[in-house]
Amino acid sequence: MCGILAVLGVADVSLAKRSRIIELSRRLRHRGPDWSGLHCHQDCYLAHQRLAIVDPTSGDQPLYNEDKSIVVTVNGEIYNHEELKAKLTTHQFQTGSDCEVIAHLYEEYGEEFVDMLDGMFSFVLLDTRDKTFIAARDAIGICPLYMGWGLDGSVWFSSEMKALSDDCERFVAFPPGHLYSSKTGALRRWYNPPWFSESIPSTPYNALLLREMFEKSVIKRLMTDVPFGVLLSGGLDSSLVASVASRHLEETKAASQWGNKLHTFCIGLKGSPDLKAAREVADYLNTVHHEFHFTVQEGIDALEEVIYHIETYDVTTIRASTPMFLMSRKIKSLGVKMVLSGEGSDEIFGGYLYFHKAPNKKEFHEETCRKIKALHLYDCLRANKATSAWGVEARVPFLDKSFIDVAMDIDPEWKMIRRDLGRIEKWVIRNAFDDEKRPYLPKHILYRQKEQFSDGVGYSWIDGLKDHASQHVSDSMMMNASFVYPENTPTTKEGYYYRMIFEKFFPKPAARSTVPGGPSVACSTAKAVEWDAAWSKNLDPSGRAALGVHDAAYEDTLGEAPAAIDPVSDNSPRPAIGGNLVKPVASATAV
């Protein structure tokens, strides 16, 4: 991952302003510690902090077309850049960077090229010929991007909120799958897949096609010129990523550079479920496995730094980000700069345990659509920012556009949990990789029950966080919470504690509005809480809140005070995020 900052149309073009933009860009240096770049054209500035993954020697940014009339600053990876370059036969490329192709595609096709990109990205492009600019974010929102406005009429874009929060009057999360054009002054959706309408698909389940598309997704993400590995929790999703990567590693350029033995990484409290399962998968796949331990106190000590980096007060996200943040630091110390991770599978296939209570395939499918649309606020935000805090890039094969198209076109009847038919959560992807002749994974791993990352690192982690918050948040503070925090009022001491830390770093109302709110159980959206009346009395983002489903569920405490309520649900992006920015364009699809 890299860090980008663009400031366009500033009133002050003094050297002091240039110095200020450099200073703000430095706030993103953790994302890109390898090099810094800045392009200034009249009243427009494009800054970049680079994490060199592809073409480390010559791919410094900003990047340009041949005559440097088009300038682009990019955070991300374009996996099909070679294929796209082959189409641009009249263009001359100056670097081996996968991102340079963006400048040339714009020169060739104008603003309508974004859907041609296969990858994860956020970028800002300046056309100096007419001083217009565009900004765009990838389909799902894997790469973060924020947009802000200055009192002087300037427009700002940044990979993280911390570079905008002091100098912008207002800022919002840039919606995934959208493009902003200065020509219209509005956002429009460039990503319009069939599933976005939430209509119910009817395509029969094709296990071999699903497996083939996922393998292609993993293989294309092995594009790297630096050491890499796989985050392996021992759960289904990360284990499948590791298995496919290990199986196909020898075929890649990366193997010739870094060896054909895959490195895997896991973290947890000593004796945690993930550590045991990950070790077993690593032994089965014969990877070079790195096991890291942390204590509850070490996690608590890191909370302030974690919240500063991930820029949210969502309980689930903070619980899971902390061990990931600690693990990323260890990974970077080993010289590794890129990892593959398993985010997205639970949203696509209904893997969270609360999906056991989905009343019918229509509601099941609509919930998966809502979850995918909200990924940029939760798991994508966590995976990106927790790793980028230490200059590590996380790639997510389950969120490949082509793979999602196939997976979300399956008749959701096949995804439904059917105990009578022996189908547990995510059965369609488990079955797709259940190969008797050449197994991808041991059977009991392939069919291991879903374990949320914040649970899998050790159940005492969440219990320790709750205890710590209780020591710092009094009953009287909770009684007055709605007056102190009228927007997204925290309803547990844990949520209140995280909110206090967040507001210390990001005190502006615009910052707190980038985090949505609502009730949740086991990572559900607010809508899915309605599936079981008992859940409303046990609202907690942990998978153990799925009473009667999780093997280690909390005891049913109906009638007692709930252990925790997630103040921020994985609901569809609220109107406040992106807000009415989408509305001015008639052809745009509402977020």
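The values are calculated or read from the model by the stated rules, or taken from the named source; none is laboratory data. Remember, it's a predicted structure, so these values are computed and weren't measured experimentally. No Cβ is skipped: glycine too gets one built from the backbone with ideal geometry, and neighbour counts run over all protein chains shown. In case anyone asks, the SASA skips ligands and DNA or RNA and just uses the protein heavy atoms, side chains included. Shrake-Rupley method; radii C 1.70, N 1.55, O 1.52, S 1.80 Å.
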In the list [x] 21, 57, 21, 0; [y] 21, 54, 22, 2; [z] 19, 50, 29, 2, the entry giving P(r) over Cα pairs in 20 Å bins from 0, in percent computed from the coordinates is [x]
Which value in deg cm²/dmol, rounded to the nearest 500, describes the helix-derived mean residue ellipticity at 222 nm for the chain, given -39,500 (n - 2.57) per DSSP H run of n ≥ 4 and division by the residue count?
-9500 deg cm²/dmol
Label model pair Asn286, Ser58: point-to-point distance (7 angstrom along the Cα→beta-carbon line) in nm is 3.8 nm
Rel. contact order, % - alpha carbon contacts under 8 angstrom, at least six apart, the chain:
14 percent
So which of Lys68/Lys332; Lys162/Lys330; Lys220/Lys330 end up more than 28 Å apart, counting from Cα to Cα?
Lys68/Lys332
Report, ordered by chain and residue number, the lysines lying within cross-link reach of Lys493, taken as a straight Cα distance under 20 Å and ignoring same-chain residues fewer than 8 apart.
Lys466, Lys504, Lys537
Please state the charge dipole magnitude for the stretch 196-533, taken about the Cα centre, from unit charges on C-beta atoms (+1 on K and R, -1 on D and E), reported in debye and rounded to the nearest 20.
480 debye
Straight-line reach only, C-alpha to C-alpha below 17 angstrom: list the lysines that Lys216 could link to, leaving out same-chain residues fewer than 8 apart.
Lys253, Lys401
Among beta bridges that DSSP assigns inside the chain, antiparallel share in %, nearest 5:
75 percent
Round to a whole number: what % of the accessible area of the stretch 3-192 belongs to carbon and sulfur, probe 1.4 Å?
47 percent
In terms of solvent-accessible area of protein heavy atoms at a 1.4 angstrom probe, what is the ranking of Tyr109, Tyr352, Tyr308, highest value first?
Tyr109, Tyr308, Tyr352
In whole angstrom, how far apart do the alpha carbon centroids of the stretch 29-100 and the stretch 479-519 sit?
38 Å
Between Gln94 and Asp409, Cβ-based FRET efficiency (R0 45 Å, step 0.05) works out to 0.65
Cβ-Cβ FRET estimate between Ala86 and Phe483, R0 fixed at 51 Å, reported to 0.05
0.25
For the stretch 196-533, which whole-number percentage of the solvent-accessible area (1.4 Å probe, protein heavy atoms only) is attributable to carbon and sulfur atoms?
53 percent
What distance in nm separates the simple spin-label points at Glu108 and Glu304, each placed 7 Å from Cα in the Cβ direction?
5.1 nm
Using R₀ = 45 Å, calculate the FRET efficiency as 1/(1 + (r/R₀)^6) where r is the Cβ-Cβ separation of Lys276 and Asn360; round to 0.05.
0.75
Over the stretch 307-395, what is the mean sequence separation of C-alpha contacts under 8 Å (at least six apart), divided by residue count, expressed as relative contact order in percent?
48 percent
Taking N as the number of residues in the stretch 196-533, the ratio of its alpha carbon radius of gyration to 2.2 N^0.38 Å works out to 0.99
Inter-site label distance for Leu421 and Lys253 at 7 Å from Cα along Cβ, in nm
4.4 nm
For the stretch 3-192, what does the relative contact order come out to in percent, with C-alpha contacts under 8 Å and a separation of six or more?
21 percent
The answer for the chain, accessible area per residue at 1.4 Å probe in Å², is 35 Å²
For Leu151 and Lys508 in the same chain, what is the full-extension length gain: residue separation times 0.36 nm, less their Cα-Cα distance, in nm?
127.0 nm
Rounded, prolate or oblate: which one fits the stretch 398-452, using the alpha carbon gyration tensor with axes a ≥ b ≥ c (rounded when a/c is under 1.5, else prolate when a/b beats b/c, else oblate)?
oblate
For a label point 7 Å from the Cα of His41 along Cα→C-beta, name the residues of the stretch 54-81 whose backbone N is under 16 Å from it.
61-74
